[in-house]
Structures are given as C-alpha cells and as structure tokens.
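Since the structure comes first, as structure tokens, the remarks are kept for the end.
The values are calculated or read from the model by the stated rules, or taken from the named source; none is laboratory data. Just so we're clear, the structure is a prediction, and the values are computed from it rather than from any experiment. When we count neighbours, we look across all protein chains shown, and the Cβ atoms used for this are built from the backbone with ideal geometry, even at glycine.
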Amino acid sequence: MGVTVNARSRASVPASEWRPSAGGSRLSAAREQLWTLALLAGVAVLTFYRLGAGSLWDQDETKYAQVAREILERGDWITLYVNGAPWYVHPPFYMWLTALTGRVAGLSEFTVRFWSGAFSILAVYATVLIGRDLFDPQVGLLAGAIFAVTFHVLVQSRLAVFDTVLLAWMLLAVHAFLRAYQNGRRADYLRFFLYCGLATLTKGPIGLILPGMVAAVFVTCRGSWYRWREVPWVSGIGLYAVVGLSWYALETWLHGRTFTATVFGYYGVGRFFGVVENQAGPWYYYVPILLVGAFPWTAFWPAAAVFHGRRLRSDGSLFVTLWCLLTFAFYSVAGTKLPNYVLPIYPLAAVGVAAWCDVSRRSPRVGWADGISLGFLVVLLGALLWGVGGYLGHLYPQRFHAVGHVLIWPAAALVAGVALVLVLWAAGARLAALAALCAAMAVTWLSVVAWITPVVEAEKPMKPLALEIRTALRPGDRIIGYRFDIYSSLIYYTDHHVDWVDDPTALRGAVCAPGRVFVVSHEDELTRVALPGTRRFAERGGVLVLLKPAEARCVP
C-alpha cells in the first residue's frame, strides 16, 4: 500500500530535486480509500464477468495452459514442457500460478485466465499510486479509471497470458522508485529490486531493463546522479538475483548451453536485434496499435502531450513523458514486434491524460485543446466501428449478418456515451464527461462480452473438434497435425500428445504405420494428399479430422 506523499515525507529531498506538479490533494484519506475500493470493485466486475466463457485462444492461451498442465502431470516445477518436450521460451512464474490454481480448482477457462485478470486489477491500483505520487490523489484515481477502460487493457486482462502480470510488477517497481526518489528510503529501493525480480521471473530481463532505463534517464535529466549513493546496491542486486535470476541459474545448471542459447540467445538477444517467429514489423508498427489500443483516450493524447511538454520542470510531467517516449522507442527499435509489447505505455499515458484533464476542467471555457480532443474522439469512434464491423463481416460473413441486430447494441451504447461526453464537455462539466466516457466504455465492454463473444465462439472450430477426438481416443491412438497453425489448442483440448508433420510423404508414412490415427488439418490441405484407408471423422469451420482405423492397411 502506498502513502500519499506530503510535504513532510518530501522534506528530505531538496526542493531543487523534487518538483511537484501544480495542484494538491482535494480528497481526504478516507474518501480516497473509499473511491479506490469502488474503482477496484468496478474493475473486478469488468474483468471477471464471464471470464470463463469462450474457449482459450490459440496459440498463447492454450500453450501456457498446457505448460501448467504438464507441470502438474510431471511434477517438475523447474523445467517447463509442452507436448512432452522441454520449452525454453519464458520463465515460469505465470505457469506456476496457473498450475497451483489448477491443482486446487482444476484447469478450466476461468482458472487459466484468473491470474491475468487479478494482476490487471493490481496494475490499475499501481496506476492509482503512481498518479497520486506524481500529482495528487484525484489525478491518481482518474488515471486508474482511464487505464482500466482502455480498449487494449480490457482485452488483455481477459487473456491467459502474462503481460498484465509483467505490467503490474513493473508499475509497482516504478512506484517504489518514485517513492525512493522522493524520500531516499532504503526500503523503497529494495522494493524496486524486488518487483523487478518478480517481473524478470515473469517474462525475462525486460522486467529490470525498462524501469531501470527510464529511472536512469529521469535522474540524468534532473542532474541528480549523486543520488545513486543512496541505493543499497549490494543488497538490492542480491535481492534481484535471488528472486529474478535463481530459476535461470538452476536451469543453466540442469541443461547448460541448450537452455542458455535458446533463452538468452534466440529469445533474448535475438528477439531485440532480430526477428523471432516471423513477428516483424515496420518502424511505425506501434502507431496504429496505440491509436486503436488506447481508445478512447488516444483522442486526448495530443492535448496531454502539449500540456506536459510545457511543464517538464515538474517531475510528474517529465516522468510521464520519458516513460511513454522511451517505451515506444525501445519497442519500435526492436526487431521483433507484437501488439502487447506496448502495454506499459497505457498506464503512464493515463496518468498524463488525467493530469491534463484535472487542470483543464477548471477552465470556464472550451479551448482549442478541448475542441481537437473531442473532434479526434468522434473520428476514432467512427474508425473503430467501421474497422470492427468490417473485420467481423469479413471473417464470419454469414454469422455476422445473421446476428447483426445483436451487435448493434454495444455500438449504440458507445455512440450514446460519446454523444453525452460532447454535451457535458461543452457545458463545462468535464469531470462528469470523463465519468460518462468511462461508464460508456464499461457498458460497451460488458455488452461485447455478453453478446459478441458468443458469436465469435460459435465460429471457433478447435475446442469442439478436439473434444470429439478426445472422447473417441483409445489407448495407443495417435494424433497427427499436418500443416496446422492452431496446434496448441489441439494439444490442450485433446489432452494428448500430437505429432506434427509438414511433408506429404512423411504424412503418408505416419498414417500408414500400424495403429489407429487421427489426422487434423485445414480441409484444403488434406484434399491435396491421398491418404488411403482414412475416412472423415469430423469437420468444422474449415478444419477437417480424418480417422484411419487400426485394421486399415495402406502403402506409404
């Protein structure tokens, strides 16, 4: 739990170093705690409502769930496995949590996704703390609300991946650093190293690199390098090593170069300086990602950027600016790119928008920044509705047109909410307008979960097909995946080892081997290969399952 930084707690820091932003607390401690609890309760509803509805997505959700299952099946909590083979890709923290939950409550869509949702709530709370310490409690609460209903965050919090876990640890590390910078306490520096260690145990050294890089640049900009003498480097690095690096050391001892070359070479250095798993992108890759992902708050980013750019003597404005720019630059320079990499930008951007809104709402008139922001909001709304509608219509044309009347309601809720925002903002009730926008996003998201998610789920083929195979499996049966791109779901939902084949000749040889065989692939792939002795077992959504009975004979 954080404590509001007041004049007394900052007394140990020279005024030339800590430059608080304009404004001050207008909330009593009791009211602040009450509003914080209310915010977190609302976020919990958004996160956990129908969290278990819908099958896991391929490939990450099912892959991480399978890792957790194999932890339980093997009893090996150190070396991770997928499909019976060692998996040297990510550290184990998230899979440990999932396995522990699975041991207690069983593995299901809800239990597999639970920790991602729980840590997204923690990330919201950490955003509140950061906003409060950089500006004031009201900014912190508003930043938490803005971050919680950011489009990309809403999506990410419901996926069984560990990006929200990494984000929560990094935000807590940022908060610890800010507290340490403000008061110089040893305990806060140690908390920084602890949280960076947990972030490293979640997704690798980026858990230290990103917070450490921003902290170093921030201190440099302030000309306060001598402050590093306050840092308990020996105990801090020791704590970080024990928490964040001990698993890596143990795996290196167990598997040697095979582990280090894969984890540190290919998935570490190679991920930044090269392209891993064909996940490349141009230098501007994250521009459209952020435009859509930060909706609806992207509309307020230009005004907030100008606001903070004029106030860089304030520590709050400087830190927000550095965090957003350095994070964007770091991942844009990296060779491997994925949409979720820029997730850390959203919480500090939310703090920046909240600080601008908190100041601008006191102005009696609507200025140029307000007009640009509201106009941009309308444009983004139209682009989002057009893009989502076009995407669903192209991907699921028949289903989309059949249930179009249902899909209208989430869109209508969002349009109505934005219209209300325009009216309230023009009337000068800016805080009410922001509350209305948060509420509109919340209602829209719950509508999406309730009505659109079942439409999408009805078109996903893998879980029902895999469960059909699983029901029919007999001892000694084999499953072969042929040129198949949704392989993790096949492994997880059949709960069976799968052999992967890409060559037609190798496929015929594997099918003609003795025993009963299920072959799974896209239908157009299997129509190009002659597999005598097989028959159709099941088909769904363009995915075909063939069965070769044990008594069938064929020549490779």
- Which residue out of Val128, Val165, Val161 is β-branched (Val, Ile, Thr), surrounded by fewer than 24 Cβ atoms within 10 Å (Cβ to Cβ), in contact (Cβ under 8 Å) with a residue 60 or more places away in the chain and in contact with a helix residue (DSSP H, G or I) (Cβ under 8 Å, 6 or more places away or on another chain)? Val161
- Given (1) part of a helix (DSSP H, G or I); (2) under 25 Å from Trp35 (Cβ atoms), index of the condition Arg158 fails: (1)
- Task: From the list Tyr346, Tyr331, pick out the single residue that is surrounded by 15 or more Cβ atoms within 10 Å (Cβ to Cβ), over 23 Å from Met441 (Cβ atoms) and not assigned by TED's automatic domain parsing to the domain that holds Tyr181.
- Result: Tyr331
- Name the residues in region 70-110 that are under 18 Å from Ile491 (Cβ atoms), among the β-branched types (Val, Ile, Thr) and not in a loop (DSSP other than H, G, I, E, B), would you? Ile71, Val82, Thr98
- Message: Please count how many residues of region 522-548 are surrounded by 12 or more Cβ atoms within 10 Å (Cβ to Cβ) and either modelled with pLDDT of 95 or more or on the phi < 0 side of the Ramachandran plot (or both).
- Response: 18
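Yes or no, residue by residue, for (1) among the hydrophobic types (A, V, I, L, M, F, W, C); (2) over 22 Å from the mean Cα position of the chain (by Cα):
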| site | (1), (2) |
| --- | --- |
| Tyr240 | no, yes |
| Leu245 | yes, yes |
| His255 | no, yes |
| Val275 | yes, no |
| Trp283 | yes, no |
| Ala299 | yes, no |
- Query: Given the conditions (1) surrounded by 19 or more Cβ atoms within 10 Å (Cβ to Cβ); (2) among the aliphatic types (A, V, I, L, M); (3) farther than 20 Å from Ala68 by Cβ, which single one is not true for Ile491?
  - Reply: (3)
- Query: Out of region 259-278, which residues are of a type outside the set (Gly, Ala, Ser) and either over 17 Å from Leu245 (Cβ atoms) or outside the structural domain of Pro205 (by TED's automatic domain parsing) (or both)?
  - Reply: Tyr266, Arg271, Phe272, Phe273, Val275, Val276, Glu277, Asn278
- Item | Given (1) assigned to a helix (DSSP H, G or I); (2) over 30 Å from Leu414 (Cβ atoms), number of the condition Arg313 does not satisfy | (1)
- Query: Out of all the residues in region 225-266, which are of a type in the set (Gly, Ala, Ser) and touching a Ser or Thr at 6+ places or on another chain (Cβ under 9 Å)?
  - Reply: Gly244
- Item | Residue check for Leu431: outside the structural domain of Glu539 (by TED's automatic domain parsing) and either buried (at least 20 other Cβ atoms within 10 Å of the Cβ) or touching an Asp or Glu at 6+ places or on another chain (Cβ under 9 Å) (or both) | yes
- Reported set for region 273-299 where residues are crowded, with 16+ Cβ neighbours inside 10 Å and either at pLDDT below 85 or farther than 19 Å from Pro344 by Cβ (or both) is Val276, Pro296, Ala299
- Just name the residue that is farthest from Gln59 (Cα to Cα) out of those in region 460-474 that are touching a residue at least 60 places away in the same chain (Cβ under 8 Å) and in contact with a helix residue (DSSP H, G or I) (Cβ under 6 Å, 6 or more places away or on another chain). Ile469
- Task: Determine if region 286-301 includes at least one residue that is on the phi > 0 side of the Ramachandran plot and not basic (Lys, Arg).
- Result: no
- If you check every pair at least six apart or on different chains, which have Cβ atoms under 6 Å apart with a residue in region 346-360 that is modelled with pLDDT of 95 or more first and a residue that is aromatic (Phe, Trp, Tyr) and buried (at least 24 other Cβ atoms within 10 Å of the Cβ) second? Tyr346/Phe147; Pro347/Phe147; Leu348/Trp323; Ala350/Phe147; Val353/Trp297; Val353/Phe300; Ala355/Phe135
- Would you pick out the residues in region 193-217 that are in a helix (DSSP H, G or I) and in contact with a His (Cβ under 9 Å, 6 or more places away or on another chain)? Tyr195, Thr202, Lys203
- Message: For region 441-556, give me every one of the helices (runs of 4 or more DSSP H) that falls completely inside it and has 2 or more residues that are of a type in the set (Ser, Thr, Tyr).
- Response: 487-494
- Task: Could you tell me which residue of region 475-488 is surrounded by the fewest Cβ atoms within 10 Å (Cβ to Cβ), considering only residues that are over 17 Å from Glu61 (Cβ atoms) and in contact with a Gly (Cβ under 9 Å, 6 or more places away or on another chain)?
- Result: Gly476
